[in-house]
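Taking it in order: structure first as structure tokens, then the write-up.
The values are calculated or read from the model by the stated rules, or taken from the named source; none is laboratory data. In this text, all values refer to a predicted model and were calculated from it rather than measured experimentally. Note that each Cβ is placed from the backbone with ideal geometry, even for glycine, and that neighbours are counted across all protein chains shown.
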Amino acid sequence: MSLMKKRSLSLSSLIFILFITNITNSLSEGKKIIKGTAKVIDGDTIKIEEKKIRLFGIDAPEINQTCGIKNSQFYLCGQQSKFALETYIYLSDITEYNINSEVTCYYKNKDRYGRILGTCYVSGPNNDLIDLNKIMVLSGNAVAYLKYSKKYLKDQEIAKDKNRVIWSGEFDMPWEWRKKNK
């Protein structure tokens, strides 16, 4: 290999390493990390090491919440949302013999109930990071919680345009449902 090709390859490798380091640093910049096996509480809350983590910037239907579909039928959209989050976590890194449900959450703050407000990730099939908050909104199993962040607004618009899950029928926004039912 010529000297120019070696330098070019070395420079490309260095740029790639800096790029990956920059992504990792931007995810965790000024934030704390909690990592471990997750237990799903509902569509927007998990527990790691006995610490509750509320997925930041999203709101999912409550466990007992129902949503409407065509022909005036209803389904338990809160339970559907919980199942979707479990699926994204537990099926993200399956090996032949065990399920690894390790989740990594980055956070700065806690909510008024003392829960960690985190952006949480799992490793995907190619060891890429999957943003659980984003995938819940994009799949139509949660909504962007615009009162606190607009980070997932575009994902919500895509889910709504494609009539995904809750957007395929009628439903109360989770915060409206909580006001009516608690």
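Go over the candidates Lys110, Lys162, Lys147, Lys134 one by one and state the one that is in contact with an Asp or Glu (Cβ under 8 Å, 6 or more places away or on another chain) and of a type in the set (D, E, K, R).
Details: Lys110 fails: in contact with an Asp or Glu (Cβ under 8 Å, 6 or more places away or on another chain); Lys162 fails: in contact with an Asp or Glu (Cβ under 8 Å, 6 or more places away or on another chain); Lys147 fails: in contact with an Asp or Glu (Cβ under 8 Å, 6 or more places away or on another chain).
Residue meeting the stated conditions: Lys134.
So, in the stretch 162-177, exactly how many residues are of a type outside the set (A, V, I, L, M, F, W, C), closer than 18 Å to Ile58 by Cβ and exposed (fewer than 14 other Cβ atoms within 10 Å of the Cβ)? Show your work before the answer.
Filtering the stretch 162-177 for residues of a type outside the set (A, V, I, L, M, F, W, C) gives 162-164, 168-170, 172, 174, 176.
From the residues that got through so far, the ones that are closer than 18 Å to Ile58 by Cβ too are 162, 164, 172, 174, 176.
Those still in the list that are exposed (fewer than 14 other Cβ atoms within 10 Å of the Cβ) too: 162, 176.
Of the residues in that region, 2 qualify.
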Residues (among the hydrophobic types (A, V, I, L, M, F, W, C) and touching a helix residue (DSSP H, G or I) at 6+ places or on another chain (Cβ under 6 Å)) located in the stretch 106-121: Cys120
Number of the exception - Tyr121 against (1) under 11 Å from the mean Cα position of the chain (by Cα); (2) assigned to a loop (DSSP other than H, G, I, E, B): (2)
Matching residues, the stretch 58-93, being under 26 Å from Asp111 (Cα atoms), without any contact (Cβ under 8 Å) to a residue 40 or more places away in the chain and of a type in the set (A, V, I, L, M, F, W, C): Ile63, Phe83
Residue within the stretch 133-144 that is over 17 Å from Gly78 (Cβ atoms) and touching a Cys at 6+ places or on another chain (Cβ under 8 Å) present: yes
Test: residue in the stretch 102-115 that is modelled with pLDDT under 90 and either assigned to a loop (DSSP other than H, G, I, E, B) or surrounded by fewer than 22 Cβ atoms within 10 Å (Cβ to Cβ) (or both): yes
The stretch 125-158: number of residues that are surrounded by 13 or more Cβ atoms within 10 Å (Cβ to Cβ), not basic (Lys, Arg) and not in a helix (DSSP H, G or I): 14
